[in-house]
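In what follows, a single structure is set out as structure tokens and then discussed.
The values are calculated or read from the model by the stated rules, or taken from the named source; none is laboratory data. Computed from a prediction, not measured in an experiment: that's the story for all the values here. We place every Cβ from the backbone using ideal geometry, glycine too, and count neighbours over all the protein chains shown. Areas reflect the complete protein model, heavy atoms only, side chains present, ligands, DNA and RNA absent. Shrake-Rupley method; radii C 1.70, N 1.55, O 1.52, S 1.80 Å.
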Amino acid sequence: MFLFSYTAAIFAMAFLAFAAFLLAKKRNDILARYLACYAIGVAVWSGSNAAADVAWNDLTARLWSGLAVIGVAVFCGFHLCFVHAFVHGKKPGIARTTVFFLPAAIIAAGAFTRYSIVETRFPAVSPAEMVPGPLYSLVSAYLIASLAYGAIRLFVFYRHQATPQQKLQIRYVETGFLILFVSSMTFCHILPLFGEIRFYTVGPQFSVFLLAFSGYAILKHQMINFRAAIQHGLIYSTLLAAIILTYIGILTAVSTLTERVTGVSYAFVSVLTAIAGAFGIPPIERFFRKNTDRFFLRNRYSYPEANNSLSRILNENLDMDDLTGGIENALREIFRVERVNIHILTEPLPYPDRPIGLTADTCRQAFGTCPVDVPPNGMVVPIILEGQAIAVVSLGGKTSGEPYFDEDTVLLQGFSYQAAIAIEKARLYRQTQEHSRLLERRVRERTRDLEELQQAQAQMICDISHNLQTPLTVIKGQLEMMRKHGVSENGLKHADEMADRISHFITRLLRLAALNVPEGLNRERLDLSELLREIISYFQVVAAAQGIDIRSDIADNVSILGDRRRIEEVILNILGNAANYIDNDRRVTISLAPQDGRAVIRVTDTGIGIPEEDIGKVFRRFFRGNSGDRKGTGLGLAICRRIVDLHGGTIGIQSRIGLGTTVTISIPLDPFGNVTKPT
């Protein structure tokens with residue numbers, strides 16, 4: 001195998017590892033995504049060329065050569081996207097992306113045809129040789145056009161819009177592109193046109209210069225914020241190379257000892273390599289990470305830039321979560337630490353005149369007990385406002401292993417003063433927001449109450465009008481008939497009934513209004529057992545005429561403090577409803593028993609029942625539900641609830657359609673037992 005074939009394979013794996021890490025760690029950075037994609041293109045280009053060198057027949061040679069052509073096309077397309085994103089700060093639109101990748105699509109369509117490779121040769125002592133076809137002219141033109149377009153766009157941006165930092169970035173990146181352009185044109189296009197194809201694999205390998213110059217721009221001039229990406233890419237590439245070399249070394253040793261390599265030998269070598277990797281890679285990775293951290297993550301921040309970054313975060317954020325999150329991210333980026341926590345103190349703590357940077361010991365001395373955990377080699381920064389600590393920032397040790405220097409303390413001291421004002425503003429803003437939300441909620445509640453009152457008032461007016469208008473219409477009709485046909489006994493009777501109905505309705509309204517004055521009750525010690533027996537005795541006569549069976553279970557000596565007339569009105573109203581809506585077995589049961597210091601009355605009927613959606617509405621004024629031809633004012637249960645409420649009791653209903661209804665009334669028992677006068 002040709003020497004450059006080995007190096008091409010190694011570079012391909014390095015580019016793939018680099019791209020994989022970028023996509024895993026920086027998937028939200030558009031420049032990182034495009035850089036990763038054209039790194040994949042270069043990896044396919046370089047790796048396919050290496051594989052084509054060891055092709056053993058025409059099919060495999062054309063396969064790998066076609067993939068190499070596709071790799072070039074992918075590289076060119078994403079190079080154009082990368083340049084556009086760098087210049088404009090956003091990814092290209094659909095139309096522009098289509099223009100960028102249209103040549104790549106055409107090239108990919110012909111990559112495995114005779115237009116790509118005209119002839120393949122397989123010399124005995126050198127890599128396989130491929131004679132390029134006319135498609136390679138299109139590939140060359142696409143590569144030249146993409147690199148030229150990128151160079152021109154970056155040059156124009158460099159002259160008119162780029163910041164000083166961006167100009168430095170462009171210089172290094174363009175140098176890498178220039179080296180790659182010259183080498184790829186020389187080894188992959190110009191030499192093959194003159195019949196020299198042995199060095200075709202060399203061209204893509206010059207992309208390492210592009211990676212080197214881009215990496216320098218990244219590390220030195222922050223083109224993309226991922227120093228760790230370069231570091232980890234190199235570590236993983238080294239580990240991958242170590243695995244490959246281990247595999248080759250073990251395989252060489254086995255072949256030397258056995259003088260013959262079989263399928264069993266390959267399996268044995270693979271198992272040994274896997275075992276060596278499982279136990280050897282973690283310590284090797286830790287070794288490389290520890291030693292490269294000092295180079296890649298060394299404290300090199302610019303004091304003015306760091307101070308400006310922190311000031312911008314402190315001034316732009318009013319929300320406490322956004323503020324603390326922004327501070328943690330900024331400090332983590334500036335000092336290259338893995339852990340930054342901000343703890344807002346519930347109660348401010350007095351802070352004597354001490355330095356800003358505290359260790360675990362000095363933190364305990366300052367506060368008595370340190371409010372946060374201080375990691376090894378870490379630092380605590382109190383946020384001081386008017387001589388009191390209102391928050392504490394805990395920073396972990398630097399990834400590079402360096403201590404915190406005096407310049408770090410100076411930066412953190414200035415940050416502490418600004419952060420105190422920003423945190424206090426955020427706290428006041430949060431209180432204002434919470435108070436505002438509370439006021440908004442109360443306004444909505446009051447508005448809803450007013451709307452409900454307005455609706456209830458409008459409904460009450462409609463119900464009153466209906467209850468008055470209907471009988472008056474009947475009376476007016478009867479009077480009109482009397483004028484035309486003379487006075488009739490039936491007409492007078494009907495008019496008299498309507499007048500009574502109006503009188504009854506108005507009486508109920510007045511009674512309900514009177515119940516709004518609690519002083520109107522005539523409270524006295526009331527033997528509820530005796531009252532219920534009297535009511536049942538009277539009601540049994542009325543119920544017998546309607547074929548209703550009245551059953552009772554009344555406990556003796558149950559007394560309350562209440563208005564006899566009002567309590568009697570409640571019981572009669574409930575029993576009247578039970579009789580009006582009776583059905584099926586035609587049975588009504590009434591019971592009284594003391595329970596937990598209260599007198600509990602239950603009236604159960606076997607009536608038609610109340611729909612579940614209406615149970616919560618039956619105590620509303622004028623609500624009558626879908627009761628068919630049964631009539632009423634809709635005020636009875638509203639009066640009952642008001643009377644029970646005035647007695648300090650509760651009233652509730654359980655009902656099921658077709659099975660009946662149970663009304664439960666609970667009133668406090670007489671607490672004295674010897675009160676006989678009205679209160």
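One line per residue, one yes/no per condition, for (1) among the hydroxyl-bearing types (Ser, Thr, Tyr); (2) within 25 Å of VAL131 (Cα to Cα); (3) within 33 Å of the chain's Cα centre (by Cα):
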position	(1), (2), (3)
TYR34	yes, no, yes
ALA39	no, no, no
ALA55	no, yes, no
ALA61	no, yes, no
VAL69	no, yes, no
ALA73	no, yes, no
ALA104	no, yes, no
Entirely in the range 1-116, the helices (runs of 4 or more DSSP H) that have 1 or more residues that are out of contact with any helix residue (DSSP H, G or I) (no Cβ under 8 Å at 6 or more places or on another chain) and open to solvent by 10 Å² or more (accessible area, probe 1.4 Å) | 3-25, 58-88, 94-109
Which one of these is under 24 Å from ILE313 (Cβ atoms) and of a type in the set (Asp, Glu): ASP408, ASP361?
-> ASP408
Counted residues, the range 379-398 - those being surrounded by fewer than 21 Cβ atoms within 10 Å (Cβ to Cβ) and closer than 17 Å to ILE334 by Cβ = 2
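Within the range 430-439, is even one residue within 30 Å of PHE623 (Cβ to Cβ), modelled with pLDDT of 80 or more and exposed (fewer than 11 other Cβ atoms within 10 Å of the Cβ)?
Residues of the range 430-439 that are within 30 Å of PHE623 (Cβ to Cβ), as a first pass: none.
No, that holds for no residue.
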Report the residue count in the range 534-581 for those that are out of contact with any strand residue (DSSP E or B) (no Cβ under 6 Å at 6 or more places or on another chain), under 20 Å from THR664 (Cβ atoms) and among the aromatic types (Phe, Trp, Tyr).
-> 1
May I ask you to say which residue of LEU412, LEU323 is among the hydrophobic types (A, V, I, L, M, F, W, C), open to solvent by less than 20 Å² (accessible area, probe 1.4 Å) and closer than 20 Å to PRO304 by Cα?
-> LEU412
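Let's see how each residue does on (1) of a type in the set (Ser, Thr, Tyr); (2) within 31 Å of the chain's Cα centre (by Cα); (3) modelled with pLDDT under 85:
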position	(1), (2), (3)
VAL337	no, yes, yes
PRO350	no, no, yes
PHE367	no, no, yes
GLY401	no, no, yes
ILE423	no, yes, no
Residues of the range 598-618 being in contact with a Leu (Cβ under 7 Å, 6 or more places away or on another chain) and over 26 Å from SER559 (Cα atoms), in sequence order, are GLY609, VAL618
The range 393-441, residues that are over 18 Å from VAL381 (Cβ atoms) and among the β-branched types (Val, Ile, Thr) = THR399, THR432
Among residues belonging to the range 574-586 that are assigned to a helix (DSSP H, G or I) and farther than 19 Å from GLY648 by Cα, point out the one that is most open to solvent (accessible area, probe 1.4 Å).
-> ASN580
Residues of the range 539-562 classified as assigned to a helix (DSSP H, G or I) and crowded, with 18+ Cβ neighbours inside 10 Å, total | 2
Residue by residue through the range 513-538, note down the ones that are open to solvent by less than 70 Å² (accessible area, probe 1.4 Å), assigned to a helix (DSSP H, G or I) and at pLDDT below 85.
-> ALA513, ALA514, PRO518, GLY520
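Residue-by-condition table, conditions (1) within 49 Å of the chain's Cα centre (by Cα); (2) part of a strand (DSSP E or B); (3) at pLDDT below 80; (4) loosely packed, with under 15 Cβ neighbours inside 10 Å:
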site: SER591; (1), (2), (3), (4): no, yes, no, no
site: GLY609; (1), (2), (3), (4): yes, no, no, no
site: ILE615; (1), (2), (3), (4): yes, no, no, no
site: ARG624; (1), (2), (3), (4): yes, no, yes, no
site: ILE639; (1), (2), (3), (4): no, no, no, no
site: ASP645; (1), (2), (3), (4): yes, no, no, yes
site: GLY652; (1), (2), (3), (4): yes, yes, no, yes
site: THR676; (1), (2), (3), (4): no, no, yes, yes
